[in-house]
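As structure tokens, the structure follows; a few thoughts come after it.
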Amino acid sequence: MKTKKHSLLTTALAMCLLGALPVSSFAKLSSKQKSLRLITSMVVSVSTTKEAREAGLKEEDIRKDITTRLEQTGVKTIPEYMYGPPRLQIRIKAYKIPHQEMFVDNIDVLLKQEVTLARNPEEKITAVTWELSWLSNSSPQRFVKHIKSNIKILIDAFIADYLAANPPAKRAADANDIAAVLPAVTGKQTKPTVKPTTAEYKYVASKNSKVFHKPDCRWVKRILVKNLVGYNGREEAIEAGKRPCKLCKP
């Protein structure tokens with residue numbers, strides 16, 4: 001009876017949460033939805049409490065589930081050590097109540113990205129532009145399944161807002177994906193490994209990143225041409241405040 005009541009409560013909360021989401025075809029986009037426009041890639045990070053891990057919750061499993069669902073939606077996910085792109089953070093705080101067979105948990109889903117101040121457009125800061133939280137409880141026996149179920153509801157809400165702001169039929173080619181842009185211009189090349197503007201440099205980086213790469217690194221094609229900077233030596237890049245990419249190891 002207790003399990004059934006808990007299930008009904010969870011379903012009711014999920015319906016209220018998802019039912020409250022704005023639908024782009026019937027209403028204007030909310031400020032949260034607008035903040036998701038034109039995002040094509042992001043880092044996904046998951047953190048939990050020690051008690052949650054001891055109860056069997058694995059951060060990497062949750063991260064893989066979320067990245068798979070995002071990529072099915074059309075959002076690219078990149079390694080955590082990369083700087084610059086938006087970061088989707090999933091924070092799970094769970095604690096076992098002493099002398100009771102019960103876990104109390106709080107799940108936060110936050111999207112952080114670089115924004116500019118309206119009063120000073122030249123000033124860039126990192127801010128939370130989208131967030132949703134879930135507070136609930138469960139028995140130790142159901143804890144892991146319960147957490148994963150609630151995370152799915154929260155990520156569904158995020159994806160719903162993302163799709164409202166970026167309808168699949170209207171999505172333009174990613175300007176950072178040079179492989180998608182150049183064939184339309186040249187009619188020949190289908191998968192260039194180096195941007196034309198990188199050929200003259202030994203190392204390249206983005207103005208918005210602290211990492212520098214070899215010109216043929218696969219992360220280079222995600223850099224907008226307007227943000228591209230080049231260096232003739234490692235020392236020059238390091239002096240500019242950049243550090244070597246862990247993938248191409250320049």
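The values are calculated or read from the model by the stated rules, or taken from the named source; none is laboratory data. Nothing here was measured: the structure is a model prediction, and the numbers come from that model. All Cβ positions, even for glycine, are placed from backbone atoms using ideal geometry, and neighbour counts span all protein chains on display.
Here residue 134 passes the criteria (1) within 30 Å of residue 220 (Cα to Cα); (2) in a strand (DSSP E or B) except the one numbered (1).
Name the residue that is farthest from residue 85 (Cα to Cα), counting only residues in segment 204-235 that are without any contact (Cβ under 8 Å) to a residue 24 or more places away in the chain and either surrounded by 13 or more Cβ atoms within 10 Å (Cβ to Cβ) or under 21 Å from the mean Cα position of the chain (by Cα) (or both). Working first, answer last.
Narrowing segment 204-235 to residues without any contact (Cβ under 8 Å) to a residue 24 or more places away in the chain: 207, 215, 226-227, 235.
Adding the requirement that they be either surrounded by 13 or more Cβ atoms within 10 Å (Cβ to Cβ) or under 21 Å from the mean Cα position of the chain (by Cα) (or both) leaves 207, 215, 227.
Details: 207: 12, 215: 20, 227: 13 Å.
Among those that are without any contact (Cβ under 8 Å) to a residue 24 or more places away in the chain and either surrounded by 13 or more Cβ atoms within 10 Å (Cβ to Cβ) or under 21 Å from the mean Cα position of the chain (by Cα) (or both), it is 215.
The residue list 133, 139 contains one member that is surrounded by 14 or more Cβ atoms within 10 Å (Cβ to Cβ) and not aromatic (Phe, Trp, Tyr), which is 139. Every test in (1) in a loop (DSSP other than H, G, I, E, B); (2) at pLDDT 85 or above is passed by residue 237 save one, and that test is (1).
Residue by residue, here is whether (1) closer than 30 Å to residue 243 by Cα; (2) among the basic types (Lys, Arg); (3) modelled with pLDDT of 95 or more; (4) in contact with a helix residue (DSSP H, G or I) (Cβ under 9 Å, 6 or more places away or on another chain) holds:
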position: 70; (1), (2), (3), (4): yes, no, no, yes
position: 95; (1), (2), (3), (4): no, no, no, yes
position: 100; (1), (2), (3), (4): no, no, no, no
position: 106; (1), (2), (3), (4): no, no, yes, no
position: 118; (1), (2), (3), (4): no, no, no, no
position: 129; (1), (2), (3), (4): yes, no, no, yes
position: 164; (1), (2), (3), (4): no, no, no, yes
position: 176; (1), (2), (3), (4): yes, no, no, yes
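Being more than 21 Å from residue 61 (Cα to Cα), not assigned by TED's automatic domain parsing to the domain that holds residue 227 and not charged (D, E, K, R) is a property that residue 92 lacks.
Selection of segment 1-55 for residues being exposed (fewer than 12 other Cβ atoms within 10 Å of the Cβ), in a helix (DSSP H, G or I) and modelled with pLDDT of 50 or more yields 31, 50, 54. With the condition kept exactly as written, say whether any residue in segment 112-122 is touching a residue at least 40 places away in the same chain (Cβ under 8 Å) and outside any strand (DSSP E or B). Taking every residue of segment 112-122 in turn, none turns out to be touching a residue at least 40 places away in the same chain (Cβ under 8 Å) and outside any strand (DSSP E or B).
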